[in-house]
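Notes follow once the structure below has been shown.
The values are calculated or read from the model by the stated rules, or taken from the named source; none is laboratory data. Fair warning: this is a prediction, and the values are worked out from it, not measured in the lab. Backbone-built Cβ (ideal geometry, glycine too); neighbour counts: all protein chains shown. Accessible surface is based on the protein model in full, side chains and every heavy atom, while ligands, DNA and RNA are left aside. Shrake-Rupley method; radii C 1.70, N 1.55, O 1.52, S 1.80 Å.
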Amino acid sequence: MSEGAAKKGEKPRKFQAIRGTRDLLPPETALWNRVEQTAHEVFGAFGYGEIRPPIFEATELFARGVGGDTDIVSKEMYTLVDRSEKLEPDPSIGSMNVFFQKVRELYKSGEIPTDEQDESALKIAEDQWKKVDDLLEGGLKSESAGTEIYKLVLFYDALRLGTRVSLRPEATASVCRAYIEHNMQQLPQPVKLYYIGPMFRRERPQKGRYRQFYQIGAEVLGGTDAPAIDAEVIEMVMTFFERLELRGVQLSVNSIGCGECRPKYVELLRAELLKVKDKLGPDSQRRIDTNPLRVLDSKLESEQGIIAKLPRIGDHLCKDCADHYAAVKRELDLRGVQYRENWRLVRGLDYYMRTTFEITAQGLGSQDAVCGGGRYDGLVELLGGPPTKGIGFAIGEDRLILSLQEARKEVASGEWRVASGKIGCDVYVAWMGEKAYATAIRAAKTLRAASFSVELPPVEQKFGKALERADKLGAKYALILGDNEVTSGEWTLKTLTDGSQQKVTEPQLLDFLRKL
Ligand code: AMP
C-alpha cells in the first residue's frame, strides 16, 4: 500500500488549502476576470505587450535582483533544490565512494552549481563516510556505530546536489532576465511589458496578505529615463484604477536619489539616527546599522515625532535627481494626475532609484497599499545585461479586488451580479418530455453560439421546480419548452424579474433576447 493511502477503516484525511493560500471561487472569479480584462485593455492602449515568465526561477536571480538581505529573499522565499538527474541515489552503500567521486566530477564540470557551502558540506559527508567505512571493516562492533551511521545520513541529506530554484516572490527580476535572454535591447526601445500572475512570499497571513497572492505589473525597459516615461507609467495605473472605479485612490510620490546622492544622504541619516538611538525601538535600532532608510517606514507611534525631525532626502538630491523629480511632477500635472509627496516613501527593494510611488485605496485596513513602483536603472546590468533604464510597478490584485468588493457592499447595487452571491445566467431552459428535450438542446446550442449564458438541466424537471431553480441561479429568463410549445412552434419565454411571459418562435428568439 502506498504511504499516502488511508488504512482500512480509517477515516480519509480531509485536506485544506495550505495556510496563506486560498481558492478563488465563482462568483468572485468573475470580478477577477473583469479586472484582468480591463488590465489587458488599458495596458494595451498604452502600447504594452503581455509577458508570461515562469513561476519558478534560479534562486540566485532573486537573490541578486531583489537583494539578498531583503526580508523577501532572506526569509520569505519558497526554495527547493532541483536535484541533478545524474545523481539518482544509489542504494548499495558499497558504491558510496563512486557516488562521491561522481559528485566531485559534476561540481568540476559545472553541471551542479556549487558554492563554498556546498563544497564544505560535501567534505563533511565524505569524511563521515570514511569513518563509517572503517567501522564497517571492523564488523560494526563499535558502540558508536549506530550514531556514526545516523550522522552520515544527516550529512548526506544536507548535500544540496542541484540547482536551487525558488517560487517567484515578484516578477521584475524575471522580466529583466527575459529582456536580456531574448536580446530585447535589439528591439525598438523602450520595451513595454506587463504581466498578471501569482507570486509567493512566506509572510504572516492576515487580511490582504497571503502567501500566494497575485500581481498585475508592468515594466518599461531600455531607451531613456525621460521624466515623461515615469509620469506615463503612473498615469497608466491611475487610468486602470479609474476604469475600475476603485474608491479612495491616493497616489504618493517621492524621489530617492541615485548612486551619487543617496549614499551621502544615508550616511547623514545614520549619523542623525545614532544621536537619537536610545529613543528608538529595537527594530529601528537594528536598522541604523543595516538599512537606515527603512527606519522611515516605521509605523511605531513613539517614533513618529523623532522621524519628523530627521533630514529629508528631497533636500539632499544631486542636481540631476532634483531636476528629474521636478520634471516628473510637472509631467504628472500636465496629465491631470493628482498626487501627494511623501518624503518617507522608500521602497524596500535594493534596486530602486529616483522616482518611487505607492498607491493606496479604501476598505483595506492596515494593508492598504494596492500598488508600489519605481525606477530601477541599474537592475538589468546587475543581472548581466547591458546598462539599461528601467521603471515599473506591481499592483496587488487581491487587495484591489478586496477594495472593489468593499465599495460594492456599500452601494449594494442590484445590477452588480457578483455582489448578489449568484453566478447568474441569461437563460434557463426548462423542458419536459423527450421531444422537448431535443428542442431544448438545439435552443441551448443556438443561444450559446450567440454568447448568451445558458443553463440546460440534465434531467427532466417539473416546470414549477425548474422555475424555482432558475430563480435560485439568478437567471434572467426561463425558456419553457413542453409538448405544446414543440407542436405549435411557439415557445414560451418568461422574464423572471417581473414574471411576464410571451410567446416567441424559434427564428425570433435571438432577436427578441438581443432587444431586451
Ligand atoms: P511589492 O512587490 O512588495 O512592491 O508589492 C507590490 C504590491 O503587491 C503591494 O502594494 C501589495 O498590494 C501587493 N502585495 C505584496 N505582498 C503581498 C502579500 N503577501 N499578499 C497580498 N498582496 C501583496
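Quick notes
- Test: Tyr214 is outside any loop (DSSP other than H, G, I, E, B), open to solvent by 50 Å² or more (accessible area, probe 1.4 Å) and either under 15 Å from Pro53 (Cβ atoms) or within 12 Å of the ligand (Cβ to nearest atom) (or both): yes
- Search result, residues across the stretch 27-66 that are farther than 25 Å from Pro188 by Cβ and either open to solvent by 80 Å² or more (accessible area, probe 1.4 Å) or among the charged types (D, E, K, R) (or both): Glu28, Asn33, Arg34, Glu36, Gln37, Phe56, Glu57, Glu60, Arg64
- Only listed residue being farther than 25 Å from Gly384 by Cα and either under 36 Å from the mean Cα position of the chain (by Cα) or open to solvent by 70 Å² or more (accessible area, probe 1.4 Å) (or both), chosen from Ile112, Ile124, Ile149: Ile124
- Criterion (over 18 Å from Ala394 (Cα atoms) and under 26 Å from the mean Cα position of the chain (by Cα)) met by exactly one of Leu293, Leu246: Leu293
- Exclusive hit being in contact with a Phe, Trp or Tyr (Cβ under 9 Å, 6 or more places away or on another chain) and either of a type in the set (Phe, Trp, Tyr) or within 16 Å of the ligand (Cβ to nearest atom) (or both), set Phe241, Phe155: Phe155
- When residues of the stretch 196-211 are limited to those that are part of a loop (DSSP other than H, G, I, E, B) and surrounded by fewer than 19 Cβ atoms within 10 Å (Cβ to Cβ), the one nearest to the ligand (Cβ to nearest atom): Glu203
- Of all residues in the stretch 112-141, those being in contact with a helix residue (DSSP H, G or I) (Cβ under 7 Å, 6 or more places away or on another chain) and either acidic (Asp, Glu) or under 27 Å from Thr59 (Cβ atoms) (or both) number 8.
- Among the conditions (1) under 21 Å from the mean Cα position of the chain (by Cα); (2) more than 10 Å from the ligand (Cβ to nearest atom), the only one that Thr388 does not satisfy is (1).
- From the options Leu317, Leu334, Leu246, residue that is among the aliphatic types (A, V, I, L, M) and in contact with a Cys (Cβ under 7 Å, 6 or more places away or on another chain): Leu317
- Within the stretch 245-294, tally of residues that are assigned to a loop (DSSP other than H, G, I, E, B), under 24 Å from Ala231 (Cα atoms) and either of a type in the set (A, V, I, L, M, F, W, C) or without any contact (Cβ under 8 Å) to a residue 60 or more places away in the chain (or both): 4
- Filtered by the rule that a residue be of a type in the set (A, V, I, L, M), buried (at least 17 other Cβ atoms within 10 Å of the Cβ) and more than 14 Å from the ligand (Cβ to nearest atom), the stretch 167-195 gives Ala178, Ile180, Met184, Val191, Leu193.
- When the test is whether a residue is within 28 Å of Arg34 (Cβ to Cβ), polar (S, T, N, Q) and part of a loop (DSSP other than H, G, I, E, B), Thr497 passes it.
- Candidates Met96, Met77 - the one that is farther than 18 Å from Arg164 by Cα, in contact (Cβ under 8 Å) with a residue 24 or more places away in the chain and buried (at least 18 other Cβ atoms within 10 Å of the Cβ): Met96
- Cross-chain or 6+ apart pairs with Cβ under 8 Å, the stretch 464-489 first and in contact (Cβ under 8 Å) with a residue 24 or more places away in the chain, then polar (S, T, N, Q) and outside any helix (DSSP H, G or I): Arg469/Gln461; Lys476/Thr495; Lys476/Thr497; Tyr477/Thr495; Leu479/Thr492; Ile480/Thr492; Leu481/Thr492; Glu485/Thr492
- Filter result for Asn254 (modelled with pLDDT of 95 or more, over 19 Å from the mean Cα position of the chain (by Cα) and open to solvent by less than 10 Å² (accessible area, probe 1.4 Å)): yes
- In the set (1) within 27 Å of Arg168 (Cβ to Cβ); (2) more than 24 Å from the chain's Cα centre (by Cα), Arg211 fails one condition alone, (2).
- Candidate set: the stretch 434-450, residues that are more than 39 Å from the chain's Cα centre (by Cα) and either free of Cβ contacts under 8 Å to residues at least 24 places away in the same chain or open to solvent by 20 Å² or more (accessible area, probe 1.4 Å) (or both); chosen: the one nearest to Leu510 (Cα to Cα): Arg442
- Qualifying residues in the stretch 331-368 (those that are among the small types (Gly, Ala, Ser) and at pLDDT below 95) - the one nearest to the ligand (Cβ to nearest atom): Gly348
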